[in-house]
Structures are given as C-alpha cells and as structure tokens.
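The values are calculated or read from the model by the stated rules, or taken from the named source; none is laboratory data. Predicted model only: the values in this text are computed from it and were never measured. All Cβ positions, even for glycine, are placed from backbone atoms using ideal geometry, and neighbour counts span all protein chains on display.
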Amino acid sequence: MSRDPLIALRPWESPEVTSWGRLPMNAVDRRTGALPLDGEWRFQLLPTPGSPVTEAWSSQHVPGAWTVQGTDDLPQYTNVTMPWGEFPPASPAANPTGVYEREVDVPAEWAGRRVVLRVGAAESVLLVHVNGRPTGISKDSHLAAEFDLSDVVRPGERATVRLTVVKWSDASHLEDQDHWWHGGITRSVLLYATDPLHLADVTVRARPDGGLRVDCRVRHAMGRLPGGWYVTGELAGHLLAQDAEFDRLNAQDERVSDFLGEARLTALVREVRPWTAETPELYELTVRLHRADGSVADTAHPRVGFRQVEIRGRDLLVNGERVYIRGVNRHDFHPLTGRTVSYDDMRADLVTLKRFGFNAIRTAHYPNDPALLDLADELGFYVVDEADIESHDHAHEIADDPRYTAAFVDRVSRMVLRDKNHPSVIVWSLGNESDYGANHDAAAGWVRRHDPTRPLQYEGAAKLGWADPTVASDIACPMYAPVEDCVAHALSGEQTKPLIQCEYSHAMGNSNGTLADHWAAIESTPGLQGGFIWEFWDHGILQRVNDGRPAGRAGAGLYDNGVAAQGHRWAYGGDFGETVHDGAFIADGVVFPDRTPKPVMYEHREIAAPVRLAYDGGDLRISNHQHFRGLEWLAASWELSLAEGGTLTAPAGLPDVRAGESAVVPMPFALPEDGGEAWLTLRVTTADDEAWAPRGTEVCVPRVRLRAAAPVASAPLTTGAPVQVDEDGLLVHPLLTAAPVLSLWRAPTDNDEIGGMAARWRAWGLDALERKVVDVRRAAGSVTVVAEYGTMAGAVRHEQVFTRVEGGVRVEETAELPAGLDDVARVGSVFETVAGLDVLEWYGQGPWESYPDRSGGAPVGHHSRPVDELFTPYLRPQESGGRHGVRRFTLSAPDATGFAVELDEPRQVNVTRYRAADLAAATHHDELVPRPGCVVHLDVAHRGLGTASCGPDTSPGHLVPTGTHRWSWTLRVL
C-alpha cells in the first residue's frame, strides 16, 4: 500500500468523497493581485495512481491537457459508452496519472495573510501536496478547487507544489459527456492572499426597478471573528445601507456565531438601466469589509446587472417580457489545446454567435470557464448554466444511488455558488442525460432554497411527459422533439410550463434542415419559446497525418476557412487509434474547428433577424422583432436585384419603431417594366461600434420578391448541323468530358448515413446505376434518347430531347420513378466539364451553400465565386456546395470562354471538383483529389437535409416523390 495517505485512501473509487481540505465555493473574484502559476511545470505520466514517482521528469504547459501535449495517452471520443467496462464506481486498473510539480516563491509581503491555492480545473481527480504534505482532494473536472495553504507555506520562502491528477475515477461516470476524453489541468492555477478577516462570499440580487440587495458572509482564518467588523458598499454613486432589520432577525433567530458573520446591504438605485441580452447594462459594485477601527480588510467588485427572471404561466419572462431563446449548446473547446480555452478564444466564440443572431448559451454539459460568464454579462447572452453531471452509460443506476448523492449536490451547489451573481445566468440546469432520481431531487432542493430567483431545468425530469409537475424542472426542455409534437403540446390545453428545447437541430455535417420551419412554428405558437441548437463547435482536433498525433500548440496557423493545412487533418473519433469510439459524431457544430461559420449560420442569422421586411403587393412594411431595443443602433441600405438588369442600390432610413412594432415605408425604387424577376433586399448593418461588432457589420439581409420570373423559352432551330450524340445516345459537346446522364444519388450526408437513408439507397443500387439505351430517334434539329436505369426497386425510365437553339442546345428531360423508389436523394442531370473553367457566376440564391430545407439565409441575387470555394469542407466528406433556386449560371475560364446554362425554373445546382463517388469513398479531406474539370449537378428535385443523425428527418414536403419529373435547360457556349 502507498505510504501517501491521499493515494492510500483511493479517492478515485470513492463517490462519497467529493473533496478533502477544499474551501467552500464562493462568488468573490480573487484574480486581481494574485500570483499566476501558469506556464511550464515538471511533469511525468504514471500508468496508475499507485505507481512510484521517479526522477524522469519532462514538462507540460499549464493550463493544458496532457492528451494534446505529446504524451502517449491520446484523446478519445465516445458519446454514450464509457471508454472502459468497469461499472460505477470502479475505474480501470490502467489509469493514467499525471504528476505536476513546480516551485513557488511566496511573496514576503504576504506575511500574516491567508494564502490560498486555486486550481481552475483538473480532469478528473485532483490530489494536492505542498512541501511534501498532503493538502487536499477535489473532484469535478470543470470547477475550481481552492485550498488554504496558510499553515503549509511561509511568505518570503520557496514552496514546492505538487498536483497529481488521476484521469479515471468514480467521478468519470458522472462526466460521460458527448466530448473528447482528456486528462490534465485544463484551467489556470494561481496563488492569492487575503487578510485573515475576509469576505467568504457575496450574493447580489438586483431587480430591474433598481432594488439592490447584497448579502455578505464574513470569516476569519483563525476561526473566531473579531468584534466590531462591518460592511459597506456603493454603486453608481449610491451608498448602500445596512439592513438593520436583517441584523435584528439574525440575532433573534440565533444565526449569529463566533466564526461566521452575515451582513446585508440594500439600496434603491434610481433611473437604473436594466440588463437584458439586447441591452447588457452593467454597474460595478464595491463591497468593503472593515475592521473595528474602520480600516479595510477585504474588498469585492462584482459587476451588477439589474434584471428579473420569472415564469408566469407558460412563459419565461425577463424583466416582465416574454423573450425568444435563440440558443446554442457550447463546450469549452480548442482544436489545438483541447479543453483549454483562452479569454480571447472565448470572446471570439461569443462575438461570432452574437453576429449570427444567437442570444443564449447552454453550457453543455458542465459549467464553462468562469470568464465566459463575464463575457456573457458584457456582450449580452442568456445562459442556462449546467452542472457537471452526465452519467449517460449508467444513468439509471446512478440517479438513485445514495453513494452519489453527495456528488450531485456538490456539483450543482458549487456551480450556483460560483455563478449566482452573473445577470446572464437566467436558468440553472441539473445536468444532462442522467435519467431522473432521488439524487436530482436532492440537488434541486438545495438550489431552490439557496436561489429562488431563477428557474431550474432538467430534461430527464419529464419522464411522465412535458406537463408533469415534477419539482425538478420548471421548464419543459426536451431534446430533438419534432416541431409537430411541440405545436400539438402547446395547443393541447395541457401545457403547464414554457417549452424550450435544450437540444434541437443537430448540426452534424451538412445539416440543420427545416430550421426555418421550427422557428415559423415557435413564433406563431404561444407556449413555444425557442431552444438550443446542438452545438457550436465541430470538435475536430488538428492532427499530423504523418504520425497521427495532435498538432498541439505548434499547430497554430495550420488551418484557414475550415480547412487544415497540407499534412494535417481534423481528427475525430477513431483517428487516435482508439477502438471504442463514436466516429464523426463529435463533428456536429455550426462552426468548423477553426470557428469558420458553416452555411447554417447565415440561415440562423436571417431567422433571428431583428429587422423584418414584408410586402403584400401594396404596402412595404419594416418590423422590429427585438424584445427591448429600438432600431436606432442599426443602419441600412436598399438593393433591387433584377434578373435581367443587375443590381440597383439606395440608402435606407429605418423607421422609429419600438420593439415588437412595425411601420409602412415607401418603395425605394420604381420597378422597371421589363427586367423579369425582381427582389428587394434591405441590408442591415451596425450604425456604430458595438462591443461585438465594428460599425458597418452586417446584421441581417431581409428580402421580399416584388415580381416573379417569366417562363423561360428558347426557340428551336430547324436548319443547320444536328445535335451530336454518340452511339450510346450521349451528348457530344466540346466543353464536356462526360455527357449529362441521370443522377439519383448524392454522397451521403451524416444525416443520410445515421438516419438509414444511405443504406437504403445503396441497397437499391442508386450509387452505381447502370444505363441502358432503349431508343434513339432523330428529327430535324433534335435527337430523342430514351434510356433505362436498373435498380432493385424497379427500372427508372429517362428521356432526353436534345434540340438545337441559337448558340447551343436545349435539353428537355423526363424521369419516371417507380413506386418502389419512394425516397431518393435527388432527381437530375450530372455532367463533367473540361479543365480550366474555374469561375461560377449565377443568378439565384447565394453566395453561400443552400438546400431546399435550408435556404432562408441565401438571398436571391447575382453571385460569383471561384469553383474551388464552392465546396464546403465538412469534416467527413459528403454532399455539399449546393446552391438552391438557381435560375442561370456561367462557368468560365480567365479569358471569359466557357458556357452558360439557363434553367426552365429555379433549380438546385451543384458545381464542385468531386464526383459523388469521390466524396462517399473518403473519410477525411486529405484523401480527396480534386478533378481538373467541374462536376455539375442540375436537380429538378433534391431531398432536404433534415437532422436525422440525431432528431427529426426533413419534413415530408422536402422528400423526393415518385412518379414523373420534368425539367429542361439550355447550354450555350460563351
């Protein structure tokens, strides 16, 4: 047995032991004046906690995970299944254990003061030794642990700090989250000092009417409090008053003790500006703890936001207003450093979200770095703060296991104690995917007693339905509920709580279909109030291809626009040699690993637009869809996009309308009599610098159609050379290397694969269609080719009529799908071009990727992009790069040679360097080899994307029906 008492205790297999020697959590920020201990530490990785420490030291950067810093213990991704087979509370015998050690020079001026060590986060069990003495134990990989070292270190002398981190433990069963498994010290370490008489905690409650209450807890390092101490406070020139009635009642109820002091300060701050996500007004509060002689022993400076959260009926209210929750789930993540995220990285996360219309964050599935909440307060986000509890693989067993009761209460209560003063936090969450049992009720009871100012939520509490009046959730917060079910619940007459989905619209690969349908239902159905998209990041770790290891900090700069540099790739589950993993399910965010926005971000931006535009053929109306703010912070300009006449622009003055109101505005342009289809777009930008965006940043681009397109027709030519087809009935054209043929297949998206559609398509043989010519008929100026494509569900008859027109050829196509092919990926033509045609210009939706059920974020207009920029680099190659609603396009070389295609109606078009088979065969982008020419798809019908990798498929209206499909297009040489 180890001679170290902390090792001998085996706390990694004792769920009843949540800590030893750890100080209570509190909300007093001690970073100012602290001694940071971040940087290089001596390090060695032991195979087990009981293995002896040797003299073979290497080094590790703190904060940081050893799994991405060159050790042989590499990251591993699992979603539900634990990485090892032992049942709770056991851990595996092979248990990597990191030993960190460094010397610290304790400042001499700290003599006579209380000295505290703070370890920001350690995964998963932390054992602390200072100068060789056992000092403390802590669990919870995502909350800080503090230890009083006053009796262990001497100011003016050097101390040796050793932090031992055991990777696997009984606590790991509570941290079975959909994320990479790491090990290490992942947040900052510091040393700070206070007076022996100090503020042990400060609790702030600030109402939007200016009412302010500050509760202080006071302690002394020696235990007994000296007499005569008192607390003062001020905010915005207002002095806070001592609450004499509070003091009297404390004395009457015998709440006064020799070791714990309590004081309450109050004030009414007049003309206060309330805090909301739209108007994040903050005030700095100063709280001073005085000794009996009036000198200041300790000070706290919490930032205060005056706001109120309540549930009234079926509505969640902020400052009395029902607000939409336009949220996203967020992990602490970085592609180089794993779970360690800098302040600048967190700020960039929130700035990105703010620019794309998000106003809420769920800290999935643990309390995020505390700096994130500072930023949420400042930039304006509503936060669902979630405790570090997910026991997915053993949820049912643990929910009622009394051995874990203390851990549940400990994790939830410490989160609340840390974060209670943040106005951004509007809801507490008991965790995620951990069934529901007595342990949840115990934690919920503690929260309700300590903080009755915020509602509580827990998805697993709704075991008897969303209307179940269980005490553990004030909000119905399901996961991936079909929008039809949500609407039916809201209309049932049985709804008792706000319905805000904690997870919906799973963003894995090319996904988030029907997002606009969700929000159309939410905004039109009382009782529905929003939800949180899963999730913010694609959690790809930058990996060196040559040795399969994480690139680490040296990888900075080796990625851009979502693409890893040559010799590197984005790793997902299984890429580090692990046998138990969940593959690319880790890549399910609305941004790529380098924070490049995916196309869905533009879709969300328009869905969440603060300014809306409506046109009914008469009035043109602008609406303010915010909850609290006017439009004075915005500027705008008009664009009139004419199919035949380019784009006209004009300045726009936004009307003075309050939140929730609208106004009729004059039409900015006289619509030309000719010019065909016409769209009016309002480009809305920031009028001045915002905390999250410089002046001129685009906020949204609402648009309306003023005139529909006229039918496209091309007169045939009956004289001259006939259309050329070869002996197989394939079109011969000098700019095509592969003639247009029927396509019913797409490289499966993640939704297609996991949802089972791709397996069905392969079983039908759609990925390898065999074409058989049935008939070729020639007439003056035209050729008709009839072919059949064999599938396991019946033959598909395909007819092409090639007709000479001025400057080119018109192709009229008909495809007849038998009843057995009731849900194919697409119906359309595919052909390939010669090399050198590198620029696509089109009139239709753009400029970014769009699909039938995810097209609201791509305005109709004239767009141009290099072909190599059309493809979207989802981590697992799949169907991508499509443009919806395309009316016509040109593919051209630098010398302007090439061809133009005019479509009979707005169609789905895809132009990339890859065949569907190329994409389907690759697992990562480093395996793809671009073709010299272009692969062009013209689809009369294209299946929606849906979110079937986790949640509902696309809506029935976006499935490809059986029966006859007709489309036509004209190809002309430029």
Output for the stretch 67-105, where each listed residue is touching a residue at least 40 places away in the same chain (Cβ under 8 Å) and among the charged types (D, E, K, R)
Asp73, Glu101, Arg102, Glu103, Asp105
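Among residues belonging to the stretch 517-547 that are β-branched (Val, Ile, Thr) and assigned to a strand (DSSP E or B), point out the one that is farthest from Val427 (Cα to Cα). Explain how you work it out, then say what you get.
Of the residues in the stretch 517-547, the ones β-branched (Val, Ile, Thr) are 522, 525, 533, 541, 545.
Those still in the list that are assigned to a strand (DSSP E or B) too: 533, 541.
Numbers: Ile533: 17, Ile541: 31 Å.
Per the criteria, the residue is Ile541.
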Suppose the filter is surrounded by fewer than 19 Cβ atoms within 10 Å (Cβ to Cβ), touching a residue at least 12 places away in the same chain (Cβ under 8 Å), assigned to a strand (DSSP E or B) and over 36 Å from the mean Cα position of the chain (by Cα); does Arg224 pass it?
no
Looking only at the stretch 16-36, decide whether some residue is more than 30 Å from Val409 (Cβ to Cβ), at pLDDT 95 or above and surrounded by 14 or more Cβ atoms within 10 Å (Cβ to Cβ).
yes
What number goes with the only condition from (1) without any contact (Cβ under 8 Å) to a residue 12 or more places away in the chain; (2) touching a Phe, Trp or Tyr at 6+ places or on another chain (Cβ under 9 Å) that Tyr324 does not pass?
(1)
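Could you tell me which of the residues Val909, Val867, Val901 is in contact with a strand residue (DSSP E or B) (Cβ under 6 Å, 6 or more places away or on another chain) and more than 30 Å from Pro593 (Cβ to Cβ)?
Working: Val909 fails: more than 30 Å from Pro593 (Cβ to Cβ); Val867 fails: more than 30 Å from Pro593 (Cβ to Cβ).
Result: Val901 is the single residue among Val909, Val867, Val901 that is in contact with a strand residue (DSSP E or B) (Cβ under 6 Å, 6 or more places away or on another chain) and more than 30 Å from Pro593 (Cβ to Cβ).
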Any idea which residue in the stretch 610-627 is surrounded by the most Cβ atoms within 10 Å (Cβ to Cβ), counting only those that are within 25 Å of the chain's Cα centre (by Cα) and in a loop (DSSP other than H, G, I, E, B)?
Gln626
Extreme residue, nearest to Cys950 (Cα to Cα), among residues of the stretch 517-535 that are surrounded by 17 or more Cβ atoms within 10 Å (Cβ to Cβ) and either aliphatic (A, V, I, L, M) or free of Cβ contacts under 8 Å to residues at least 24 places away in the same chain (or both):
Ile533
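If only one of Ala768, Ala708, Ala691 is surrounded by fewer than 18 Cβ atoms within 10 Å (Cβ to Cβ), assigned by TED's automatic domain parsing to the domain that holds Gly820, under 38 Å from the mean Cα position of the chain (by Cα) and hydrophobic (A, V, I, L, M, F, W, C), which one is it? Explain how you work it out, then say what you get.
Values: Ala708 fails: assigned by TED's automatic domain parsing to the domain that holds Gly820; Ala691 fails: assigned by TED's automatic domain parsing to the domain that holds Gly820.
Ala768 is the lone residue from the list that is surrounded by fewer than 18 Cβ atoms within 10 Å (Cβ to Cβ), assigned by TED's automatic domain parsing to the domain that holds Gly820, under 38 Å from the mean Cα position of the chain (by Cα) and hydrophobic (A, V, I, L, M, F, W, C).
Matching residues to (1) touching a Lys or Arg at 6+ places or on another chain (Cβ under 6 Å); (2) of a type in the set (Phe, Trp, Tyr); (3) farther than 28 Å from Asp750 by Cβ:
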| residue | (1), (2), (3) |
| --- | --- |
| Ser424 | no, no, yes |
| Ser434 | no, no, no |
| His450 | no, no, yes |
| Ala462 | no, no, no |
| Pro469 | no, no, yes |
| Val483 | no, no, no |
| Tyr504 | no, yes, no |
| Met508 | no, no, no |
Of the residues in the stretch 892-944, those that are more than 30 Å from the chain's Cα centre (by Cα) and among the aromatic types (Phe, Trp, Tyr) come to Phe899
I'm trying to understand the selection: among the residues of the stretch 411-443, which are of a type outside the set (Lys, Arg), in a helix (DSSP H, G or I) and surrounded by 24 or more Cβ atoms within 10 Å (Cβ to Cβ)?
Val412, Met415, Asn439, His440, Ala443
List every residue pair whose Cβ atoms sit under 7 Å apart, with the two residues 6 or more apart in sequence or on different chains, where the first one lies in the stretch 586-608 and is of a type in the set (S, T, N, Q) and the second, anywhere, is buried (at least 20 other Cβ atoms within 10 Å of the Cβ).
Thr596/Gly562
Looking for whichever is surrounded by 23 or more Cβ atoms within 10 Å (Cβ to Cβ), more than 21 Å from Leu875 (Cβ to Cβ) and outside the structural domain of Gly513 (by TED's automatic domain parsing) here; the options are Leu959, Leu891. Which one fits?
Leu891
Filter the stretch 533-555 for residues that are in contact with a strand residue (DSSP E or B) (Cβ under 9 Å, 6 or more places away or on another chain) and small (Gly, Ala, Ser); which is nearest to Tyr602 (Cα to Cα)?
Gly540
